[in-house]
Amino acid sequence: MVHFYMPVPIIKVQNLIKKYGNLTAVSDISFEVEQGTIFGFLGPNGAGKTTTIGILCTLLAPTSGSASIFGHDCARESSEVRKSIGIVFQDTTLDKDLTARENLVFHAYLYDVKKSERDRRINEALTFVGLYDRGDDLVKKFSGGMKRRLEVARGLIHRPKVLFLDEPTLGLDPQTRANLWDFIVELPRRHNVTIFMTTHYMDEAEVCDRIAIIDRGKIITIGTPEELKKTIGGDVIYVKTSDNRRAKSEIEKLFRVEVSEQDGELFLTSLKGDACIPEIIRALGDSVLSVRLQRPTLNDVFLKMTGREMRSEDVSSGDTLKAEVRTYRRHHDRS
Ligand SMILES: Nc1ncnc2c1ncn2[C@@H]1O[C@H](COP(=O)(O)OP(=O)(O)O)[C@@H](O)[C@H]1O
Ligand SMILES: [Mg+2]
């Protein structure tokens, strides 16, 4: 049987520009996101990530250019777009004086989820984020990580096609960040949802199927994490053996690459360290004294493209959208 793989773009952005007075926050960006994938918008503070999400979520009007979700124009068909998206913002929008479950019920009500469906979806979402047992606790008793998980659960209640996560791990400790990612990566498969996420943590973007690196309102590069890192030139593998001459010729035969030697250590640039290292050890056996791998990071990519480091500590609270969110929620409340 022949399978034809047809990627379906669910988000389309074309020549999008957003200006605030003299400041160009988003400067002529274009990209597409395929259905069922995790797309990462990676860039330092002030790069234009939240502004882009704001336009896609119909909370901000673009200055020019276009954005659409599932074929609906974000500026002209906002109510259609809103039905097909879920949003988790940088700053929490949960009601802390309600229980977890009550927050979800309220959300289901705003989105006209049928009563008959409601409890089933809420139970499923709470279970998915590991908060089923805490459903009847007040949100004010929750830790930062629990709140963020609850927000993701809430974002899923109305079965969105796209879930937007704006810096979902900001302010969380590394352990909690890791836990959150463990289940975010499950979302496309488990809930048939496309993820559009932003982060300024370079390492987090590794889980994405594709990444756009954005800086000063411009997309500077776009591709899979592997593709982006390949622009750096691949992994470097270092090998020390008791007989470097023999090892050099063995490795060269094995991979048909050039092996160099420096300070008694052989090194080769290869694209797949994980695959090559076991083969090297198998081929050279006991003569191997040490093997180490140096892997390019997305930070190296950012550095190469901009000439600047992207520092994680360089972050402010950035609550650009708080006011718009409130307006949005009020609007939904009434309708
Ligand atoms: N409402 C606003 N009015 C004026 N400038 C803004 C507004 N919102 C954002 N900006 C500016 O636009 C740029 C991009 O901001 P933002 O999209 O929040 O970046 P990021 O989310 O990547 O940190 C920044 O220079 C920011 O100061
Ligand atoms: Mg932001």
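Restricting the search to the stretch 51-68, which residues are closer than 18 Å to G86 by Cα, open to solvent by 10 Å² or more (accessible area, probe 1.4 Å) and within 16 Å of ligand 1 (Cβ to nearest atom)? Full working, then the answer.
At the first step, the residues of the stretch 51-68 found to be closer than 18 Å to G86 by Cα are 51-60, 67-68.
Those left that are additionally open to solvent by 10 Å² or more (accessible area, probe 1.4 Å): 51, 58-60, 68.
T51, T58, L59, L60 - these are the residues of the stretch 51-68 that are closer than 18 Å to G86 by Cα, open to solvent by 10 Å² or more (accessible area, probe 1.4 Å) and within 16 Å of ligand 1 (Cβ to nearest atom).
Could you check, for the stretch 80-101, whether at least one of its residues is assigned to a loop (DSSP other than H, G, I, E, B), touching a Pro at 6+ places or on another chain (Cβ under 8 Å) and closer than 20 Å to R190 by Cβ?
Initially, the stretch 80-101 is screened for residues assigned to a loop (DSSP other than H, G, I, E, B), giving 84, 89-98.
With the extra rule that they be touching a Pro at 6+ places or on another chain (Cβ under 8 Å), the set shrinks to 84.
Remaining after also requiring closer than 20 Å to R190 by Cβ: 84.
Checking the stretch 80-101: at least one residue is assigned to a loop (DSSP other than H, G, I, E, B), touching a Pro at 6+ places or on another chain (Cβ under 8 Å) and closer than 20 Å to R190 by Cβ.
Given the options P160, P168, name the one that is within 16 Å of ligand 1 (Cβ to nearest atom), within 22 Å of F31 (Cα to Cα) and in a loop (DSSP other than H, G, I, E, B).
Numbers: P160 fails: within 16 Å of ligand 1 (Cβ to nearest atom).
Result: P168 is the single residue among P160, P168 that is within 16 Å of ligand 1 (Cβ to nearest atom), within 22 Å of F31 (Cα to Cα) and in a loop (DSSP other than H, G, I, E, B).
Mind checking which residues of the stretch 118-142 are in a loop (DSSP other than H, G, I, E, B) and more than 22 Å from the chain's Cα centre (by Cα)?
L131, G135, D136, D137, F142
Limited to the stretch 108-134, what total is found for residues that are small (G, A, S) and open to solvent by less than 10 Å² (accessible area, probe 1.4 Å)?
We begin by selecting, within the stretch 108-134, every residue small (G, A, S); these are 108, 116, 125, 130.
With the extra rule that they be open to solvent by less than 10 Å² (accessible area, probe 1.4 Å), the set shrinks to 108, 125.
Going through the stretch 108-134 one residue at a time, the tally reaches 2.
Check the stretch 41-50 and report whether any residue there is within 20 Å of the chain's Cα centre (by Cα) and assigned to a helix (DSSP H, G or I). Working first, answer last.
So in the stretch 41-50, the residues within 20 Å of the chain's Cα centre (by Cα) come out as 41-50.
Subsequent filtering for residues that are assigned to a helix (DSSP H, G or I) retains 49-50.
Yes, there is a match, as at least one residue in the stretch 41-50 is within 20 Å of the chain's Cα centre (by Cα) and assigned to a helix (DSSP H, G or I).
Could you check how many residues of the stretch 18-50 are surrounded by fewer than 19 Cβ atoms within 10 Å (Cβ to Cβ), charged (D, E, K, R) and within 8 Å of ligand 1 (Cβ to nearest atom)?
Number satisfying all stated conditions: 0.
From the set of residues in the stretch 211-226 that are hydrophobic (A, V, I, L, M, F, W, C) and open to solvent by 10 Å² or more (accessible area, probe 1.4 Å), which is nearest to ligand 2 (Cβ to nearest atom)? Before the answer, list the steps.
Let us first name the residues in the stretch 211-226 that are hydrophobic (A, V, I, L, M, F, W, C), namely 211-214, 219-220, 222.
Right, trim to open to solvent by 10 Å² or more (accessible area, probe 1.4 Å) and you get 219-220, 222.
Values: I219: 16, I220: 17, I222: 19 Å.
Once the filter is applied, the top-ranked residue is I219.
Condition first: in the same structural domain as R210 (by TED's automatic domain parsing) and either of a type in the set (G, A, S) or more than 17 Å from L16 (Cα to Cα) (or both). Can you find one or more residues in the stretch 137-149 that meet it? If you could, list the steps in order and put the result at the bottom.
First, the residues of the stretch 137-149 that are in the same structural domain as R210 (by TED's automatic domain parsing): none.
No, because not a single residue in the stretch 137-149 is in the same structural domain as R210 (by TED's automatic domain parsing) and either of a type in the set (G, A, S) or more than 17 Å from L16 (Cα to Cα) (or both).
Could you list, in sequence order, the residues of the stretch 69-88 that are open to solvent by 20 Å² or more (accessible area, probe 1.4 Å) and touching a residue at least 24 places away in the same chain (Cβ under 8 Å)?
F70, R82, K83, I87
Quick check on I214: is it in a strand (DSSP E or B) and either in contact (Cβ under 8 Å) with a residue 60 or more places away in the chain or not polar (S, T, N, Q) (or both)? Give the steps one after another, and end with the answer.
Values: in a strand (DSSP E or B): yes; either in contact (Cβ under 8 Å) with a residue 60 or more places away in the chain or not polar (S, T, N, Q) (or both): yes.
So I214 fits the description; yes.
Mind checking which residues of the stretch 247-298 are acidic (D, E) and part of a helix (DSSP H, G or I)?
Step one: list which residues in the stretch 247-298 are acidic (D, E), which gives 250, 252, 258, 261, 263, 265, 274, 279, 286.
Scanning the stretch 247-298 gives E250, E252, D274, E279, D286.
Looking at this structure, is V105 under 22 Å from the mean Cα position of the chain (by Cα) and either of a type outside the set (F, W, Y) or open to solvent by less than 50 Å² (accessible area, probe 1.4 Å) (or both)? Write out each step before concluding.
Details: under 22 Å from the mean Cα position of the chain (by Cα): no; either of a type outside the set (F, W, Y) or open to solvent by less than 50 Å² (accessible area, probe 1.4 Å) (or both): yes.
Considered against the rule, which asks whether it is under 22 Å from the mean Cα position of the chain (by Cα) and either of a type outside the set (F, W, Y) or open to solvent by less than 50 Å² (accessible area, probe 1.4 Å) (or both), V105 comes out as no.
The values are calculated or read from the model by the stated rules, or taken from the named source; none is laboratory data. These numbers were taken from a predicted model, which means no experiment stands behind them. Cβ atoms come from the backbone with ideal geometry, glycine included; neighbour counts cover every protein chain shown. Each accessible area value is taken on the protein alone, full model and side chains, heavy atoms only, with ligands, DNA and RNA left out. Shrake-Rupley method; radii C 1.70, N 1.55, O 1.52, S 1.80 Å.
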